[in-house]
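We did not get these values from a lab; they are worked out from the coordinates using the rules stated. None of the values given here were measured: they were computed from a predicted structure. Because the Cβ atoms are built from the backbone with ideal geometry, glycine has one as well, and the counts that use them run over all protein chains shown.
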Amino acid sequence: MTVKTKKNDSRHELTKQEEFVKNHRRHHHQISTMRITIFVLFLILWETSAYLGWIDSFFFASPSRVLLCCVEQLKTNALLSHIGVTLFETIVSFLLVLLFSLLAATLLWYSHRMSEVLEPYLVVLNSLPKSALAPLFIVWLGTGTPTIIVAGISVAVFGSIISFYTGFQQVDPEKITLIYTLGGSKRNAFTKVVLPGSIPILLSTAKVNIGLALVGVIIGEFLAARRGLGYLIIYGSQVFQLDMVITSIIILCIIALGFYKSIQMIEHHIRKKFKM
Amino acid sequence: MQTILELKNIGYSYHSLHGETRALTNISFGVQEGEFIAIVGPSGCGKSTLLSIIAGLLSPEQGTIVVNNPDGSLAYPRIGYMLQRDHLFEWRTVYKNVILGLEINHMMTPDRLETVNRLLVDYGLEKFREKRPSELSGGMKQRAALIRTLALDPQLLLLDEPFSALDYQTRLFVSADICRLIRAAGKTMIIITHDLSEAISLADRVIILSNRPATVKAQMPIRLTLKDDSPLASRNAPEFQQYFNQLWEDLNNDS
């Protein structure tokens, strides 16, 4: 390596590198701009059509009416408590889903026989529309937070068990053989290979689950709640305050986005830590 | 040299609903302390099955393995098994990978870790101990896998085509390199290979297996006048071609 030419080369490379970074940033910038533009255009179109009477703002609301509704609800502090209840119930369901499905998938991995026996049950429970179970939960658990959390769990848990278990099974069997050749037990194989090797699948399943838990919680709130955004939607539709319904739906969109982004951040953090 | 392990009439079959597939039949040979044995045979003849049986991962359906320790004890020799690929875990650093066996066996004693550290220095991996396996070259990965195996201080090393994932040129160097390191560590070794030249250049004795169900067709002691560390030197030994032809003939005659 001669220093002089190297120096020249690296300066040339640096500009190429800079150009690449610049292009990359510009690309991301463009994507974000377009996303925001679509959103703003949608708001403008919505507001204008309501203002000009193209749509009936009684049925379709309008951004300004949504904002007004928000302010009104915030004055009585009711909106924040509804949001808080839904957030709390969703996060509790989500965490319980993770816990249950991780435990269940671990047991299934340990006992091949059990997984063979239980497979049809899991498949049936996973495809069953969980909203059909909600009336039962109400009879068993009454109306209130436990019912709603159970509804949230029921939507996500079976799919989650199946995804985790499938992930565990996809681990390279030779890597498990390696543990045995080093004198390890089945438990070692699980903690040293299967679990760390399945982290990407655990994360992607978690991303799906938080959304499903929200779906379950809203279903539960439709049927069995006096608080929460689901309740607000049902109540609003019953008293024909569609502003309230649409406001709640928009808040749900924001919550869903927030959950997704938080899991993505956790994922990024874990991937960085394990350099995956 | 003392025979530390003796296989007597080993037989093994795979079973499925469609019937029984005999993989091994009547396999007998002894393993001497410090000896390097290469096992060659047609592909799919059950070489890996044989190694799994010696390693204790499978139990033979027929026959026995007799243990003959120098100190008269009946303990099965400690075995190190190197698989076809290195299987270093990407979620662990190189150091965490090489101490995996110690971790599993709860043997993280200071002197064991000292041995591991010495091996890392000796094998030129000291600089890479906090790196991820993907940052190592193919040869360095094999060395790391060897340290992981040697950390448990095995008496007998089993290598199942450990270099087959490497390109030819790297393979020449790495196979000679790894075997030199194993010889230097004073271990006994059984290696499975497809490559007849590799078998002749590395081993003291070559065992030739027949088609499935595999049995020992011939055994050939190798004495090269040029026993040298460089990968090509042993291949240039005058006897090399003769051994090669003999092996080729043994392997291909279907008597």
Those trypsin sites (Lys or Arg not before Pro) in the range B:148-255 that DSSP places in a loop and that have at most 10 other beta carbons within 10 Å | B:Arg223
CD proxy, 222 nm, the protein assembly as shown: helix-only mean residue ellipticity via -39,500 (n - 2.57) per DSSP H run with n ≥ 4, per residue, nearest 500, stands at -19500 deg cm²/dmol
About its Cα centre, what dipole magnitude does the protein assembly as shown give when the only charges are +1 on Lys and Arg Cβ and -1 on Asp and Glu Cβ, stated in debye to the nearest 20?
-> 1440
Of the residues A:Ile246, A:Tyr235, A:Asn209, the Cα lying farthest along the dipole of the range A:165-246 towards its positive end, which is defined by charges on the beta carbon of Lys, Arg, Asp and Glu, belongs to A:Asn209
In Hz, Karplus ³J(HN,Hα) per residue of the range B:49-55 (6.51, -1.76, 1.60; θ = phi - 60°; x = Gly, Pro) | 4, 4, 5, 4, 5, 4, 6
Residue farthest toward the positive end of the dipole of chain B, with Cβ of Lys/Arg at +1 and Asp/Glu at -1: which of B:Leu181, B:Ala145, B:Ser48?
-> B:Ala145
Within the set of other residues whose C-beta is less than 11 Å from the C-beta of A:Thr147, count the net charge using Lys and Arg as +1 and Asp and Glu as -1.
-> -2
Rank these for me by crowding, B:Leu17, A:Leu223, A:Leu80, going from fewest to most other beta carbons within 10 Å.
-> B:Leu17, A:Leu80, A:Leu223
Taking amide H positions as placed in the peptide plane 1.01 Å from N, state which residues far from B:Gln32 in sequence (5 or more) or on other chains have amide H under 5 Å from it.
-> B:Ile4
Give the order of A:Trp54, A:Trp46 when sorted by the count of other beta carbons within 10 angstrom, beginning with the fewest.
-> A:Trp54, A:Trp46
Distance in nm between pseudo-label sites at B:Asp122 and B:Asn105 (7 Å out along the Cβ direction from Cα) | 1.6
Please give the length that would be gained between A:Leu68 and A:Met265 if that part of the chain were fully extended, namely 0.36 nm times their separation in residues minus their C-alpha to C-alpha distance (nm, one decimal).
-> 67.7 nm
Using the Cα atoms as the points, what is the convex hull volume per residue of the range A:26-180 in Å³?
-> 225
For B:Leu157, the residues 5 or more places away or on another chain with a placed amide H closer than 5 Å to its own amide H are B:Gly80, B:Thr188, B:Met189, B:Ile190
In whole angstrom, how far apart do the alpha carbon centroids of the range B:38-57 and the range A:211-253 sit?
-> 64
Scan around B:Arg205 for amide H atoms under 5 Å from its own, H built in the peptide plane at 1.01 Å from N, and keep only partners 5 or more places away or cross-chain.
-> B:Phe36, B:Ala38, B:Ile222
re the protein assembly as shown: pairs of Cα atoms spaced beyond 47 Å account for a percent value of 38
Please give every one of the aspartates and glutamates within straight-line cross-link reach of A:Lys75, meaning a C-alpha to C-alpha distance under 18 Å, and leave out same-chain neighbours fewer than 8 residues apart.
-> A:Asp243
Between the DSSP loop rule and a limit of at most 15 other Cβ atoms within 10 Å, which trypsin sites (Lys or Arg not before Pro) in the range B:56-129 are left?
-> B:Arg78
Residue separation times 0.36 nm, minus the C-alpha to C-alpha distance between B:Thr225 and B:Ser13: what's the value?
-> 72.3 nm
Using DSSP to define loop residues, name the chymotrypsin sites (Phe, Trp or Tyr not before Pro) in the range A:224-273 whose beta-carbon has at most 15 other beta-carbon atoms within 10 Å.
-> A:Phe240
P(r) weight above 23 Å for chain A, C-alpha pairs, percent | 68
Calculate one ³J(HN,Hα) per residue across the range A:247-259 by plugging θ = phi - 60° into the Karplus curve 6.51 cos²θ - 1.76 cosθ + 1.60, and present them in order as whole Hz with x for glycine and proline.
-> 4, 4, 5, 5, 4, 4, 4, 5, 4, 4, 4, x, 4
Any chance you could run the full-extension gain for A:Glu19 through A:Cys253? It's 0.36 nm times the residue separation minus the Cα-Cα distance, nm to one decimal.
-> 80.5 nm
Cα-Cα longer than 29 Å, checked against A:Lys22/B:Lys141; A:Lys175/B:Lys131; B:Lys8/B:Lys96; A:Lys261/B:Lys127, kept in input order, equals A:Lys22/B:Lys141; B:Lys8/B:Lys96; A:Lys261/B:Lys127
Computed over the Cα atoms of chain B, what is the convex hull's projected area averaged over all directions, in nm²?
-> 15.2
Cα→Cβ-extended label distance, 7 Å offset, between A:Asn77 and A:His112, nm | 6.0
Counting Lys +1, Arg +1, Asp -1, Glu -1, what net charge surrounds B:Leu146 among other residues with beta carbon under 14 Å of its beta carbon?
-> +3
